[in-house]
Amino acid sequence: MAEPGGLLAAGASSALGPSRSPGAILWRRFLEHRLALGSLLVLACLSAAALAAPLIEAALGLDATLVDLFAAKLPPSPGHPLGTDELGRDLMLRLLYGGRVSLLVGLTAALGAAVIGTAVGLWAGYFGGAADALLMRLTDGVIALPLLPLLIVLAAIDLTKLGLPEALATSQDVSLYRIVILIVLVGWTTVARLVRGATLSMKTREFVRAARALGAGHGRIILVHILPNVVSPIIVATTLSIGNIILLESVLSFLGLGIQPPIASWGNMLTNAQELIWDAPALAIYPGLLIFATVIAFNFLGDGLQDALDPRAVE
Amino acid sequence: MLRYIAQRLAESAVVLLIMSFVIYGLIGLMPGDPIDLMINADPKLTAADAARLRALHGLDQPIWERYLTWLGGASRGNFGYSRIHAKPVLDILWPRLGNTVVLMGVSFALALALALPAGLLAALRPRSATDAAVNVIAFAGISVPPFWLAILLIIVFAVFLGWLPAGGMAPADAGILTRTEYLILPVATLSIATLGGILRFVRAAAMEALRQDYVRTARAKGLSERQVVLGHVLRNAMVPVVTILALNFGALFSGALITETMFGTLGMGKTIYDAILGNDFNLALVGLLLATLTTLLANLLADICYAWLDPRISYG
């Protein structure tokens, strides 16, 4: 005598064809999202080109930092595939080096915000209480304030007044660290809020209660039972935040408060664009085009991931 | 309702007070101080003179005491003078707040007027060509760097076509037509930058409303599609949209700062930016506080609209 459940399961699996692993299902759903797929391709090409910038520099026999005022604003030529900028530096190489900085800032800041946000969100959602109340107030506050003017003040702070050694505060790379820290500082709340919500709903599920009944400690429950179940929203939110971060970095750098020259970033390459639009509009167009393409690609990618990871959200 | 508004007003006042201390502290961390600027102006000042001046102006006091002194003055309406403009800061900020409100108001209204029908249309025909086009426009809107969008618009409409001024303010005695000319490019920039986010929320909210039982009921009882969409879908979709819009007011202000900087519009955003870069401590401080206050009030206003749109919400 066959068990009804067994029969049903056998029938169901034959009707659905060969079983697939969850990973394969996710991949198939992701493939259906053509915009996301195209975006992944674009981002891969851009990253590869940015990573290969020193190799391309060597192959062309150019120096990306060499200022030559006699070769300023040259039109494209075999020696300079996109021409030169207002100081005679090769535009294509500057764009690639700028891409390294923009992508680096986007990825590190998004990762930093995700780690802090996940930790805080898990803590607040799981333990609740005063920490939770404080978190919700803070996230409300960050959303409700005019962010850009406040970031401009933060970016203008004199680091030596905070007790940083003079040598570090005036070093060339400090603008890079500063902007990553600033963005993490305002960016973690989005992820924290998401993780908190997901944790709240996971906390009351049977498998968590079962784990607790079996004697699992809080640490084990959070890390082994809750965290793996809230990973999808974290991945989606982090991907979407990379685009926003690159946009914010470019705005601050453009306003002269982000990445400082001579380090190139797509944002600071446009700082002088307004004077250039009359005689060299290309210089004002390319960096912005790359920001736009990168940000929209990360947004499409995040959208595709959301559809793949959270099918209930799809209509 | 009145009690709720009073409570929210009190909360906003507390947030504003906290922010005033935070911003006061941050401004103090900016490079240099007012005495440094005096030293630059008079090379004969010795270090001892500078120390005496600092003591005279209370700059040697701990930050708490300086803040309380400032707060005391501010509560009597004394916000100090702007260094760049050599005028009381409020005299500078009030007219500029007006310019910013016009820019933000017109841009926001335009973005909303475009996003509402487009988002509804996309939600009514999911997966159609219209939906795909609206989706791509929305993503483009949220992904375009606003300062670069401004540059593109200037290149096309001011440099190549020469139809519109590339920036600046209309002369004070200009008529409404000239003023409008100066407003078109900034408004276009801010509208496009704002449009994408609104479009996505309208579409999502309309989708959600279309799934509800009351829409099926409305259709079943024979209402025309027009009555269903306008009376039931749109009205209910507006509730989440208004909340999100309120939360985006801070972002709208950030967008206005970029737009004003690009087009040289004399508004709050540009004033704050110039004040920070020009070490105009008083102006930066009060400007930032005024921007925070405006944002808090806009949030409050949106909450009230929320209650008005959705009678189920009561604030007992």
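The values are calculated or read from the model by the stated rules, or taken from the named source; none is laboratory data. This structure is a prediction, so every number in the text was calculated from the model and none was measured. Neighbour counts run over all protein chains shown; Cβ positions are idealised from the backbone, glycine included.
Is it the case that A:Asp303 is surrounded by fewer than 23 Cβ atoms within 10 Å (Cβ to Cβ), within 14 Å of chain B (Cβ to nearest Cβ) and part of a helix (DSSP H, G or I)? So A:Asp303 passes the test.
Confirm whether B:Leu234 is within 18 Å of the chain's Cα centre (by Cα) and over 18 Å from A:Leu257 (Cβ atoms). Outline the logic, then answer.
Numbers: within 18 Å of the chain's Cα centre (by Cα): no; over 18 Å from A:Leu257 (Cβ atoms): yes.
No; evaluated as a whole, the condition is false for this residue.
Taking the criterion of being surrounded by 15 or more Cβ atoms within 10 Å (Cβ to Cβ), more than 7 Å from chain B (Cβ to nearest Cβ) and either within 25 Å of the chain's Cα centre (by Cα) or among the charged types (D, E, K, R) (or both), the residues of the stretch A:151-173 that qualify are A:Leu151, A:Ala155.
Quick check on A:Ala211: is it in a helix (DSSP H, G or I), more than 21 Å from the chain's Cα centre (by Cα), of a type in the set (A, V, I, L, M) and modelled with pLDDT of 85 or more? Reasoning before the result, please.
Values: in a helix (DSSP H, G or I): yes; more than 21 Å from the chain's Cα centre (by Cα): yes; of a type in the set (A, V, I, L, M): yes; modelled with pLDDT of 85 or more: yes.
Considered against the rule, which asks whether it is in a helix (DSSP H, G or I), more than 21 Å from the chain's Cα centre (by Cα), of a type in the set (A, V, I, L, M) and modelled with pLDDT of 85 or more, A:Ala211 comes out as yes.
Screening A:Arg137 on (1) under 29 Å from B:Gly269 (Cβ atoms); (2) away from every other protein chain (no Cβ under 14 Å); (3) surrounded by fewer than 15 Cβ atoms within 10 Å (Cβ to Cβ) shows it passes everything except condition (2).
Table: residues versus (1) in a helix (DSSP H, G or I); (2) within 14 Å of chain B (Cβ to nearest Cβ); (3) touching a residue at least 24 places away in the same chain (Cβ under 8 Å).
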residue: A:Ile226; (1), (2), (3): yes, no, yes
residue: A:Asn229; (1), (2), (3): yes, no, yes
residue: A:Ser232; (1), (2), (3): yes, no, yes
residue: A:Ile235; (1), (2), (3): yes, no, yes
residue: A:Gly243; (1), (2), (3): yes, yes, yes
residue: A:Gly256; (1), (2), (3): no, yes, no
residue: A:Pro262; (1), (2), (3): no, no, yes
residue: A:Trp278; (1), (2), (3): no, yes, no
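Look at (1) buried (at least 19 other Cβ atoms within 10 Å of the Cβ); (2) more than 14 Å from chain B (Cβ to nearest Cβ) and you find that A:Phe127 fails only one, number (1).
How many residues, within the stretch B:191-217, are crowded, with 17+ Cβ neighbours inside 10 Å, modelled with pLDDT under 85 and over 15 Å from B:Val239 (Cα atoms)? Residues meeting the conditions: 1.
Could you tell me whether B:Ala246 is over 21 Å from the mean Cα position of the chain (by Cα) and surrounded by fewer than 22 Cβ atoms within 10 Å (Cβ to Cβ)? Walk me through how you get there before you give the answer.
Numbers: over 21 Å from the mean Cα position of the chain (by Cα): no; surrounded by fewer than 22 Cβ atoms within 10 Å (Cβ to Cβ): yes.
Against the criterion (over 21 Å from the mean Cα position of the chain (by Cα) and surrounded by fewer than 22 Cβ atoms within 10 Å (Cβ to Cβ)), B:Ala246 does not qualify.
Looking only at the stretch B:150-187, which residues are within 8 Å of chain A (Cβ to nearest Cβ) and buried (at least 16 other Cβ atoms within 10 Å of the Cβ)? Hits for the stretch B:150-187 are B:Ile151, B:Leu152, B:Ile154, B:Ile155.
Can you pull out the helices (runs of 4 or more DSSP H) entirely within the stretch B:116-215 that have at least 1 residues that are in contact with an Asp or Glu (Cβ under 7 Å, 6 or more places away or on another chain) and touching a residue at least 24 places away in the same chain (Cβ under 8 Å)? Walk me through it before giving the result.
Details: elements: B:129-143, B:146-153, B:176-210.
Fully inside the stretch B:116-215 and qualifying: B:176-210.
Every condition in (1) more than 13 Å from every other protein chain (Cβ to nearest Cβ); (2) surrounded by fewer than 22 Cβ atoms within 10 Å (Cβ to Cβ) holds for A:Gly121 except the one numbered (2). Residue check: A:Leu194 meets all listed conditions (1) free of Cβ contacts under 8 Å to residues at least 24 places away in the same chain; (2) in contact with a Pro (Cβ under 6 Å, 6 or more places away or on another chain) but one, namely (1). Candidates are the residues of the stretch B:272-293 that are within 9 Å of chain A (Cβ to nearest Cβ) and within 21 Å of B:Met262 (Cβ to Cβ); the one that is nearest to the chain's Cα centre (by Cα) is B:Ala291.
Considering every residue within the stretch A:56-73, establish whether at least one is within 30 Å of A:Leu227 (Cβ to Cβ) and of a type in the set (A, V, I, L, M). The answer is no; no qualifying residue exists. Taking the stretch A:133-154 as the range and being modelled with pLDDT under 85 and more than 22 Å from B:Ala246 (Cβ to Cβ) as the test, only A:Leu134 passes. Scanning the stretch A:80-121 for residues that are in contact (Cβ under 8 Å) with a residue 60 or more places away in the chain and not in a helix (DSSP H, G or I) yields A:Leu82, A:Gly83, A:Asp85, A:Glu86.
If the condition is being among the β-branched types (Val, Ile, Thr) and more than 9 Å from chain A (Cβ to nearest Cβ), then the stretch B:247-265 contributes B:Thr259, B:Thr265. Flag set for A:Val195, criterion: over 30 Å from A:Gly256 (Cβ atoms), of a type in the set (A, V, I, L, M) and out of contact with any strand residue (DSSP E or B) (no Cβ under 6 Å at 6 or more places or on another chain).
Only one residue in B:Asp49, B:Asp42 is surrounded by 13 or more Cβ atoms within 10 Å (Cβ to Cβ) and of a type in the set (D, E, K, R). Which one?
B:Asp49
Under the condition of being buried (at least 16 other Cβ atoms within 10 Å of the Cβ) and at positive phi, the residues counted in the stretch A:32-88 number 3. Restricting attention to the stretch A:245-254, the residues that are more than 8 Å from chain B (Cβ to nearest Cβ) and small (Gly, Ala, Ser) add up to 1.
Taking the criterion of being in contact with a helix residue (DSSP H, G or I) (Cβ under 7 Å, 6 or more places away or on another chain), more than 30 Å from B:Met104 (Cβ to Cβ), away from chain B (no Cβ under 14 Å) and surrounded by 13 or more Cβ atoms within 10 Å (Cβ to Cβ), would at least one residue in the stretch A:183-194 satisfy it? No.
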